[in-house]
Structure formats: structure tokens, C-alpha cells
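Presented below is the structure to which this report refers.
The values are calculated or read from the model by the stated rules, or taken from the named source; none is laboratory data. Just so we're clear, the structure is a prediction, and the values are computed from it rather than from any experiment. Note: ideal-geometry Cβ built from the backbone for every residue, glycine included; neighbour counts use all protein chains shown. These area figures cover heavy atoms from the full protein model, side chains too; ligands, DNA and RNA do not enter into them. Shrake-Rupley method; radii C 1.70, N 1.55, O 1.52, S 1.80 Å.
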Amino acid sequence: MTEKQENDTISLIADRLKFFFSTPNMRSDRFLQNELGREDDFGGSILVDKLLNFKSIQKHTSEKEKVIEAAKTLPDLLIVSEDGKISCKEPVKKSQLHDNIPLSLHLSNLPVENEKYAVGVFDIKPLFEKYGKVTLIRLKWMPDNTSKEKDTDNNNGQRKRRKMIPAASCVVEFEKKEEIDKAVIDLIQENGEEKKGLEMKGQKIKIIKLRDWMDDHRKKMREKRNFEEGRGNRQQRETNDERGNEKLGNEEKKRKELESPPVEFKLDWKPGCVIELKGLDTKTCDRESIRAAAKLENNDSYADYSRGQSDGAIRFSEPSDEIKKLADKINAGEIKISNSAALTAHVLEGEKEQSYWKKFIEFKTKQKQHQFEERSRKKRRFHRK
């Protein structure tokens, strides 16, 4: 392989890594979410060996060293550890998982031939790039209900997935709100006004906002559930089975629980408990090293920090004179964090302290709402089985 071919290969691998670890892909990539997931974000790390299992990586290399070399060409996006692990420099927060919905369109009636998409990402993307930067196009698939194959485990304990076929639809995500607004004005029919629309291989593509598609999908699922519950009610009345009536009551109770609104996160915070840190080492600093440097007896601490950032904070469970003394020692360089001294460290007061806790409560509320939605989704899926 020539030097130019080598460089081209590294560039192609880097492009794939840039996509895999991008915010749009992280919002829907369950595998990477499981690998990188932490309490509040996806700032964990993944072994390069696992990335070599990705088919689009295998197209270019089977060598671990080449993947590492490609990752190192993306210092603003990725961090490569000495033990061969890769992580995001600015990890996606779990509260950001649904931020793409206002930026996305839903396309349906895409051409399908012989149980395969007759168009691909590179056919769809140019149609929308005139409105702005397209960050993600994800083709949708669904189980083949006509197939007798179901999810099964083979003798080796490996999961055999049922046959999947094209759903004839996809999601197109833009980078900015003003970009999708341009596309909506140009493509989506409102109040009976005819729009020019799009065609692919002779088929007219139906385009709506992703939020509208999700609302319509939920409505159809509720109608289906109500129909099935109604049919069950009729059968139950005919049999007059006491056990069945009790089960129906439990299902109604669970349905009402699923529709209950999420609880807002509330916190009666105490002043003088937060130390703001600025000038941290972006290469070596992490939450563990901050907490190790910020130990106070009988006072729990938490490091509010994302790896790769130069700013962070330490918050304590109770106010104490020792917090101010600790800040002074860090500020003076007497206590170092990850073998380096933070440039500034001081206890937050007044408006800055109020702003910090306001943002923290908003973040925890978003997180709590997301957890509620995830639980509701899993319960709905369980009750449909």
C-alpha cells in the first residue's frame, strides 16, 4: 500500500468514527449507548477491538493500530487512552437524547424493491442539503410479520434475530432549527396549500415533521390498545370470569399509571456548597481525580465535570467553613487535581450560585422526565406482548 493509499484509508476510517461518535448518531445507537453510558451521559469508553466488528470499519481495515491512528486525527472529538480505548471529548448528555425531534423530518413511501431499499442515504441527502446541513439520515426497518422466523437462541447461546424488511420510511435530521423551518415551508402542505413535494423513482414521498409523525403514531397505538381492550372486555363479560375481571382491573390501573405525569425534580439547596474550578487539565483530569482532591470528613462530595473540559465544579452535601479553606488551598496550588493546579477555585455566591443550582435542577428535571418516558415505553411494550 502506498503512502497516499494509507492516508486515504485513515481518512475514511476517521469519517466513520466521526459519524459513530456524533451527537445525532449517539441519540439512536443503542449499542454505543450501552457501551459508553454513565450516570448522566455517554462519556464512557469502548475498546477499539469492538469497533473493528463494525462492518463499515471492516471495509477499510482489520488492524487495531489503524483505527487508533484515525481516532488521533480527531482530537477535538475523541480521546484515545493508552490501553486502546476511545471515548468522546464532549459526551452527549442523557437529557439530550430527544433534542433531535424538533430538528427532524419523517419521510414515508420510499421505494422498495425485492425487500431492499431502492434508494439509499446518498440518494436522499442531496434533496435536503439545499435547506442546510443534514446531520443524519436513518433508514427504518421493521420485523417481517409474514415470516415464520422469530427471535431464538441457538445452541451456542447466540441470539438469532427475526427477519427485518424495509419500513419504506426514514428520518432526516438537520443541524439547526432555521434549516428545518426552510424545508417545512417548501415541502410540507399546510391549510390545503399545495407544495411541490418530492418524488423518487416515480413515487411521491410523504413528508411530515417527526414530532407530528410521533403524535400520530401514539394516537394509532392508543386506538389499537383501546380496541383490543374493548374486545377483551366483551369476551370477559361473556365468560363472567372473576379472575379475568381482576386482571382487567389491574391492566386499567397500570394503564393509568403509564399516563401519569412525571414528577418534577425538587431540591432545597444550601448556600456555600459549590466550588467553581477553572483551568483544569483537559487531557488528564476526570471526575475521580477531582473527588480525590476534594475529600472532606463527614461531607459527601460530587464532581460536576465532563472529560476534556477546562471548567468544572465540586458540590458538597452540607455547608462548612472547610469548603472555603479547600477552595483557597486549590487556588493557591497547595492541592493539585490530577497532578496539576487549577488556575482558579472559589466558592460560588449570589447570582452565580443561584444560576448554577437553577441549571442543575433543570438538568435533573429533564433527566427525570427522560427516565419516566423510558419506563413508560418499556411498560407499554411489555403490556402489548
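Could you grab me the full set of residues in region 60-74 that are part of a loop (DSSP other than H, G, I, E, B) and loosely packed, with under 12 Cβ neighbours inside 10 Å? Break it down stepwise before answering.
Applying the first criterion (part of a loop (DSSP other than H, G, I, E, B)) to region 60-74 yields 60-63, 73-74.
Result: Ser62, single match.
Phe122 satisfies every condition listed in (1) part of a loop (DSSP other than H, G, I, E, B); (2) under 26 Å from Ala167 (Cβ atoms); (3) without any contact (Cβ under 8 Å) to a residue 12 or more places away in the chain except (1).
Condition (residue is assigned to a loop (DSSP other than H, G, I, E, B), modelled with pLDDT of 75 or more and surrounded by 11 or more Cβ atoms within 10 Å (Cβ to Cβ)) applied to region 145-161: is it met by at least one residue? No - not one qualifying residue is present in region 145-161. Comparison of Lys50, Lys72, Lys85 shows that the only residue that is under 30 Å from Phe363 (Cβ atoms) and in contact with a strand residue (DSSP E or B) (Cβ under 6 Å, 6 or more places away or on another chain) is Lys85. Restricting attention to region 78-120, the residues being among the aliphatic types (A, V, I, L, M) and open to solvent by 50 Å² or more (accessible area, probe 1.4 Å) number 1. Could you please find all residues in region 305-355 being open to solvent by 70 Å² or more (accessible area, probe 1.4 Å) and either touching a Leu at 6+ places or on another chain (Cβ under 6 Å) or aromatic (Phe, Trp, Tyr) (or both)? Across region 305-355, the qualifying residue is only Glu322.
Would you call Ile205 among the aliphatic types (A, V, I, L, M), in a strand (DSSP E or B), open to solvent by less than 60 Å² (accessible area, probe 1.4 Å) and modelled with pLDDT of 85 or more?
On the way: among the aliphatic types (A, V, I, L, M): yes; in a strand (DSSP E or B): yes; open to solvent by less than 60 Å² (accessible area, probe 1.4 Å): yes; modelled with pLDDT of 85 or more: yes.
So Ile205 fits the description; yes.
Selection of region 267-288 for residues being more than 20 Å from Lys329 (Cα to Cα) and surrounded by 14 or more Cβ atoms within 10 Å (Cβ to Cβ) yields only Trp269. For region 63-117, residues that are under 20 Å from the mean Cα position of the chain (by Cα), among the polar types (S, T, N, Q) and under 21 Å from Glu35 (Cβ atoms) total 4.
Give the number of residues within region 75-105 that are β-branched (Val, Ile, Thr) and part of a strand (DSSP E or B). Please lay out each step first, then the result.
Going through region 75-105, the residues β-branched (Val, Ile, Thr) turn out to be 79-80, 86, 92, 101.
Within this subset, residues satisfying the condition of being part of a strand (DSSP E or B) are 79-80, 86.
Residues flagged as β-branched (Val, Ile, Thr) and part of a strand (DSSP E or B) within region 75-105 amount to 3.
List the pairs whose first member sits in region 101-114 and is over 15 Å from Lys140 (Cα atoms), whose second member is aromatic (Phe, Trp, Tyr), and whose Cβ atoms are under 8 Å apart, counting only residues at least 6 apart or on separate chains? Here the result reads Leu103/Phe174, each pair linking region 101-114 to a residue that is aromatic (Phe, Trp, Tyr).
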